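Let me begin by presenting the structure, written as structure tokens, before commenting on it.
The values are calculated or read from the model by the stated rules, or taken from the named source; none is laboratory data. Keep in mind that this is a model prediction, so the values were computed, not measured. Quick reminder, even Gly has a Cβ in these numbers, built from the backbone with ideal geometry, and neighbours come from all protein chains shown.
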Amino acid sequence: MTIKELFIIAAKRKASDLHLVVGLPPALRVDGDLTYIEGRKAISAKEMEILVYSMLDSDKKDRFLAAKELDISYAVDNYRYRVNLHFEKGNMGVVARVINEKISTLDELGLPKIIYNLLDLKQGLILLTGPTGCGKSTTLASMIEYVNNNRFCNIITLEDPIEYIFESKKSIIIQRQLGSDMLSFSEGLKHALRQDPNVIMVGEMRDLETIATTITLAETGHLVLATLHTYNASQTIDRIIDIFPSHQQNQVRMQLSMVLASVISQRLLPKIDGGRVAARELLINNPAVSNLIRENKIAQVKTVIETSSKEGMVSMDQDLQRLYKEKQITKEIAQSQMDNPELLDKFRFK
């Protein structure tokens, strides 16, 4: 049993993730559910060490042993993987995300047409949010590829690790990886200004300094795409503001009200006919939203989303209703994700 064999099994079975834990057989997450690979025995501590070290050169091995954590990208045949290496109960462990070799288009991912308009902006901040494993990286890659195909831009991506490999088309694309190409997201962002960017992709806004620099870049004539681990648009705005010290929050509200272009919050749900489908909440920053951000009335943003469908906005409840009406997801799945599940009782299928 080699790491390459396990990775290929994960890719061929269309798993989203491979889990390797000492004392357990290898496990796959397929369509959101975990299952053990049949016929494989439990992994011993020594076997795990061999599997892990087979992916690392001497420098990465030293970094992993020193930090007890390491994120890397790994390629086997035509498949790519985002790999997290860690320790648990003194043993090494592996979680690998399978990355589709082909970058999906916006249409293939079912993104609304208003996204095309957002990606044509010369400056602003587009945030893609959702829990771990909701497809943020896949959606972000499709958005960058759209710009790559349709605009003459210099695109800089800051990633940990690099997942999708882009080929420069109309645009120039520079991909920088944490650890090998830059020391931190915040440092990478600061120096990106010297690299003549038009579009900047931030793999994850993790800390105060990265968030502050990202907002500044969006203010200074750049289109910035970034991700956050937040559940909806309102929570995203609150999270950004709350990370700053209280004496800076009014200034940040003013900045965010001006630079925010959109918040796209998504969740992946099991489809009735197999596979998974994305449900999305879409906030577009219009004068009403901008005013609510400045006045710290974030709780009212949800109402604006629900009443602004003509501008392309859609709440999570509204998108879940759509998916249920189209018979893509079950009523139980839809209601489990809704703030107001009783809304589904109004639907009567013809």
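Please state which of the following conditions residue 95 fails to meet, knowing it meets all the rest: (1) in the same structural domain as residue 51 (by TED's automatic domain parsing); (2) within 19 Å of the chain's Cα centre (by Cα); (3) at pLDDT below 95.
(3)
Show the residue pairs that are 6+ apart or on different chains and have beta-carbon atoms under 7 Å apart, the first residue being within the stretch 84-96 and under 12 Å from residue 65 (Cβ atoms), the second being outside any strand (DSSP E or B) and among the aromatic types (Phe, Trp, Tyr).
Hits for this filter: 85/64.
Test of understanding: among 8, 72, which residue is among the β-branched types (Val, Ile, Thr), assigned to a strand (DSSP E or B) and not assigned by TED's automatic domain parsing to the domain that holds residue 280?
72
Kindly indicate whether residue 17 is under 29 Å from residue 179 (Cα atoms), among the charged types (D, E, K, R) and in contact (Cβ under 8 Å) with a residue 24 or more places away in the chain.
Taking the combined requirement at face value, the residue satisfies it.
Go through the stretch 16-40 and count every residue that is in a loop (DSSP other than H, G, I, E, B), modelled with pLDDT of 95 or more and touching a helix residue (DSSP H, G or I) at 6+ places or on another chain (Cβ under 9 Å).
Looking only at that region, the number is 4.
Hey, does the stretch 106-124 have a residue that's acidic (Asp, Glu), assigned to a loop (DSSP other than H, G, I, E, B) and free of Cβ contacts under 8 Å to residues at least 12 places away in the same chain?
yes
Which of the residues belonging to the stretch 77-92 are within 19 Å of residue 27 (Cα to Cα) and either surrounded by fewer than 18 Cβ atoms within 10 Å (Cβ to Cβ) or outside the structural domain of residue 23 (by TED's automatic domain parsing) (or both)?
Hits for the stretch 77-92 are 79, 84, 86, 87, 88, 89, 91.
Looking at the stretch 34-58, I want the residues that are closer than 19 Å to residue 8 by Cβ and have a partner that is hydroxyl-bearing (Ser, Thr, Tyr) and surrounded by 16 or more Cβ atoms within 10 Å (Cβ to Cβ) with Cβ atoms under 6 Å, at least 6 apart or on another chain. Which pairs are those?
55/74
Which members of the stretch 300-327 meet the condition of being polar (S, T, N, Q), outside any helix (DSSP H, G or I) and surrounded by fewer than 21 Cβ atoms within 10 Å (Cβ to Cβ)?
Residues satisfying the conditions are 307, 308.
Given the condition more than 15 Å from the chain's Cα centre (by Cα), in a strand (DSSP E or B), modelled with pLDDT of 95 or more and among the small types (Gly, Ala, Ser), answer yes or no: does some residue in the stretch 254-261 qualify?
Quick first cut of the stretch 254-261, residues more than 15 Å from the chain's Cα centre (by Cα) only: 254-261.
Filter again for in a strand (DSSP E or B), leaving 260-261.
Subset that is modelled with pLDDT of 95 or more: 260-261.
Restricting the remaining residues to those that are among the small types (Gly, Ala, Ser) gives 261.
Looking for residues that are more than 15 Å from the chain's Cα centre (by Cα), in a strand (DSSP E or B), modelled with pLDDT of 95 or more and among the small types (Gly, Ala, Ser), one finds at least one in the stretch 254-261, hence yes.
For the stretch 241-252, which residues satisfy the criterion of being within 30 Å of residue 320 (Cβ to Cβ), touching a helix residue (DSSP H, G or I) at 6+ places or on another chain (Cβ under 6 Å) and part of a helix (DSSP H, G or I)? Please lay out each step first, then the result.
Kept after step one, since they are within 30 Å of residue 320 (Cβ to Cβ), are these residues of the stretch 241-252: 241-243.
Next, from what is left, pick out any that are touching a helix residue (DSSP H, G or I) at 6+ places or on another chain (Cβ under 6 Å): 241, 243.
Scanning the stretch 241-252 gives a single hit, 241.
Kindly establish whether residue 283 is assigned by TED's automatic domain parsing to the domain that holds residue 215 and within 30 Å of residue 33 (Cβ to Cβ).
No.
How many residues are over 17 Å from the mean Cα position of the chain (by Cα), over 16 Å from residue 206 (Cβ atoms) and not hydrophobic (A, V, I, L, M, F, W, C) when one looks only at the stretch 159-187?
Adding up the residues that qualify gives 7.
State which residue pairs qualify: first residue within 12 Å of residue 263 (Cβ to Cβ) and inside the stretch 293-311, second residue in a helix (DSSP H, G or I) and of a type in the set (Ser, Thr, Tyr) in any location, beta carbons under 8 Å apart, and separation of 6 or more residues or different chains.
Qualifying pairs under 8 Å: 293/257; 298/234; 301/234; 302/234.
With the condition kept exactly as written, say whether any residue in the stretch 220-232 is crowded, with 18+ Cβ neighbours inside 10 Å, more than 16 Å from residue 125 (Cβ to Cβ), touching a helix residue (DSSP H, G or I) at 6+ places or on another chain (Cβ under 8 Å) and not charged (D, E, K, R).
Within the stretch 220-232, one or more residues are crowded, with 18+ Cβ neighbours inside 10 Å, more than 16 Å from residue 125 (Cβ to Cβ), touching a helix residue (DSSP H, G or I) at 6+ places or on another chain (Cβ under 8 Å) and not charged (D, E, K, R).
Looking at the stretch 125-156 only, could you name the residues that are over 14 Å from the mean Cα position of the chain (by Cα) and either assigned to a loop (DSSP other than H, G, I, E, B) or outside the structural domain of residue 262 (by TED's automatic domain parsing) (or both)?
Once the filter is applied, which keeps residues that are over 14 Å from the mean Cα position of the chain (by Cα) and either assigned to a loop (DSSP other than H, G, I, E, B) or outside the structural domain of residue 262 (by TED's automatic domain parsing) (or both), the stretch 125-156 yields 151, 152, 153.
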